[in-house]
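Heads up: the structure comes next, in structure tokens.
Computed from the coordinates by the stated procedures, all read-outs in this text should not be read as laboratory data. Just so it is clear, the structure is predicted and the values come from calculations on it, not from any experiment. Every residue, glycine among them, receives a Cβ derived from its backbone with ideal geometry; neighbour counts consider all protein chains shown.
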Amino acid sequence: MNLAICKPLSSILALEKLGVNHEILAEIDTPWRRKNMAFVVTENCIKCKYTDCVAVCPVDAFHEGPNFLAIDPEVCIDCDLCTPECPVDAIYQEDALPENMQHYRELNIELAKLWPVITEVIPAPADADEWGGVTGKEQYLIIE
Ligand code: SF4
Ligand code: SF4
């Protein structure tokens, strides 16, 4: 099967159902995927990091930092499975980012390069519930 000709998302999802593994799916047709949208993690994830989103991502697009997660747009297949899973509504499709969150597109790109992939749900920080919905959290983002 020539994977490179399978451009539509529906074809990628069909390949998944056929058992083509995620590493191969992440490699195919990257230019096509970047012509489409990726999803972006924004401020409300900072200090929350519940990781419910990680459990549903079919291509392991999430990367974990000390108190925030980032999505690698080169891997994200725009499936929208993660958005409803986030209990603090931190994930947006990139063309639906609020005006004051536009810079998170670039931040996700850079942090995904810096941090390791996370593939399993981990316990949220003990004080996560206290930080959900708090604004102005960007000052607490730890980049290392
Ligand atoms: S579910 Fe939401 S808050 Fe939790 S890690 Fe994912 S994006 Fe961050
Ligand atoms: S939209 Fe979310 S679940 Fe789907 S591939 Fe992208 S990061 Fe993963």
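Here are some notes:
- Gain upon complete extension [V121, M37; 0.36 nm per residue less C-alpha separation]: 27.8 nm
- Taking a ≥ b ≥ c as the square roots of the eigenvalues of the alpha carbon gyration tensor, segment 37-138 is rounded, as a/c is under 1.5.
- Ranked list, fewest to most other Cβ atoms within 10 Å of each Cβ, for K113, K49: K113, K49
- Residues V56 and L141, FRET efficiency given R0 of 25 Å [Cβ-Cβ distance, rounded to 0.05]: 0.60
- With neighbour counts taken as other beta-carbon atoms within 10 Å, the residues T135, T119, T42, T83 rank, fewest first, as T135, T119, T83, T42.
- Residue exposure sequence - L81, L111 - by fewest surrounding Cβ within 10 Å: L81, L111
- Paramagnetic reach from V134 (point 7 Å along Cα→Cβ, amide N under 18 Å) across segment 50-64: 50-51
- Simple point charges give the picture: +1 on the Cβ of Lys and Arg, -1 on the Cβ of Asp and Glu, and for segment 55-144 a dipole about the Cα centre of about 120 debye.
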